[in-house]
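In what follows, a structure is listed as structure tokens, so that the remarks can point back to it.
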Amino acid sequence: MKKLFSEFLVAYYRIKRYFLDHRVAERPQFERLRERFYRQLWEDTAAEIGAKIEDFGYGYFKISRNTAHTFVLEAKVMLDDHLSLRMAGNKPLVHRILSERKYPVQDYLEYRLHSLGKALEFIRQTGGPCVVKPAAATGAGNGITTKIRTLSQLRKASWWAATFSERLLIEKEIAGSSYRLLYLNGNFIDAVRRDPPVVTGDGKRSLKELMQSENRQRLQAPEIIALSPLEIDYECKLCLKQQGFTLGYRPGAGEKIALKTVVNQNTAAENESVRQVVHPSTIKIGAEIAELFKLKLVGVDLITPDITRSLGDAGGVINEINTNPGLHHHYLIKNKSENAAVARAILEYILSQ
């Protein structure tokens, strides 16, 4: 009976997710925006390196130079083998391998909806707050909820995460900023700090209205500034609650409100290239992880209070590793003069093999 009830709730949350994506956040329009961004990125990059690009339909592009060629699909490129990709996408497995090698990771526990008691005990032991996320088969921050402290919060976050994966993961929440370090063939090529999405009040509109307005601006902006909409999900509501706000709150003119802890729905104004200041030991750890999982292209995600210090000294952790990492994170940045041209480096590497 309990299992049947859980399945019913997951089905309800799937319907809710569909409604949020298609009716509220207008995700289909953002998907078209993403397609446009990557089409332009690969066309421009191919032209820079003297390569030819052909549209093969279904989102695929063939890029060729002399006798060499490759295919791309948005951020996906032809570099890593299927098994390495699957292993890297299994978050508990990655945590286990990194832990065994003594790399710093946050405390974690894998569980399912029928074993919420285990997850609740984990919260009690760590003292909270905790993060709930799908254990596999997802990315881009989907299904993640932070600030979990109570059984009620755990249930709602778990039902939401279960719409993406039956296996769930709960982690101790770590204080600090979110960073993405990018590696190509073991070489460090860029690092981006990704800050949480915020809105700025005008003294008139509510947070909900400001979020809706922000989504329209992202779609209508003459220059692409974000590839995802702001979604009013449980993560958003908990983040606001911690600050003492609700979606109906009307911030004063110029008042900035952080909407989420999860950073994936931010804009270019909230991303900054920081590759010049990453501590050398952290760069070395990322290269070792790329080799450990036999990955040619990988984004190593970190949470640390200070990227200029070693992870051990700063109390930082390796949060995740990402295969086929989103290249837009390295272009949609506020310090555009620091653009690392990562797509060019990737194409040059592939076409020279």
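The values are calculated or read from the model by the stated rules, or taken from the named source; none is laboratory data. Computed from a prediction, not measured in an experiment: that's the story for all the values here. Positions of Cβ are backbone-derived with ideal geometry, glycine not excepted, and every protein chain shown enters the neighbour counts.
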Just checking: which of the strands (runs of 3 or more DSSP E) contained wholly in the stretch 95-180 hold 1 or more residues that are among the acidic types (Asp, Glu)?
108-111, 168-172
Could you please give the count of residues in the stretch 22-61 that are surrounded by 14 or more Cβ atoms within 10 Å (Cβ to Cβ) and in a strand (DSSP E or B)?
2
Tally the residues that are surrounded by fewer than 21 Cβ atoms within 10 Å (Cβ to Cβ) and either touching a Phe, Trp or Tyr at 6+ places or on another chain (Cβ under 7 Å) or free of Cβ contacts under 8 Å to residues at least 60 places away in the same chain (or both), restricting the search to the stretch 307-331.
4
Kindly indicate whether any position in the stretch 292-302 is under 27 Å from residue 347 (Cα atoms) and in a helix (DSSP H, G or I).
yes
Out of the residues in the stretch 59-84 meeting the condition of being under 22 Å from the mean Cα position of the chain (by Cα) and free of Cβ contacts under 8 Å to residues at least 60 places away in the same chain, tell me which one is farthest from residue 185 (Cα to Cα).
59
Inside the stretch 298-326, the number of residues satisfying the requirement of being of a type in the set (Val, Ile, Thr) and within 18 Å of residue 75 (Cα to Cα) is 4
Find the residue count for the stretch 259-287, including only residues that are within 28 Å of residue 99 (Cα to Cα), touching a residue at least 12 places away in the same chain (Cβ under 8 Å) and assigned to a helix (DSSP H, G or I).
6
Kindly establish whether residue 118 is modelled with pLDDT of 90 or more and more than 18 Å from residue 262 (Cβ to Cβ).
yes
Checking the structure you have, find out if any residue of the stretch 215-223 is at pLDDT below 95 and surrounded by 19 or more Cβ atoms within 10 Å (Cβ to Cβ).
yes
Of all residues in the stretch 75-99, how many are of a type in the set (D, E, K, R), under 19 Å from residue 169 (Cβ atoms) and modelled with pLDDT of 90 or more?
1
Matching residues in the stretch 237-271 - criterion: being closer than 23 Å to residue 219 by Cβ, among the charged types (D, E, K, R) and surrounded by fewer than 19 Cβ atoms within 10 Å (Cβ to Cβ):
256
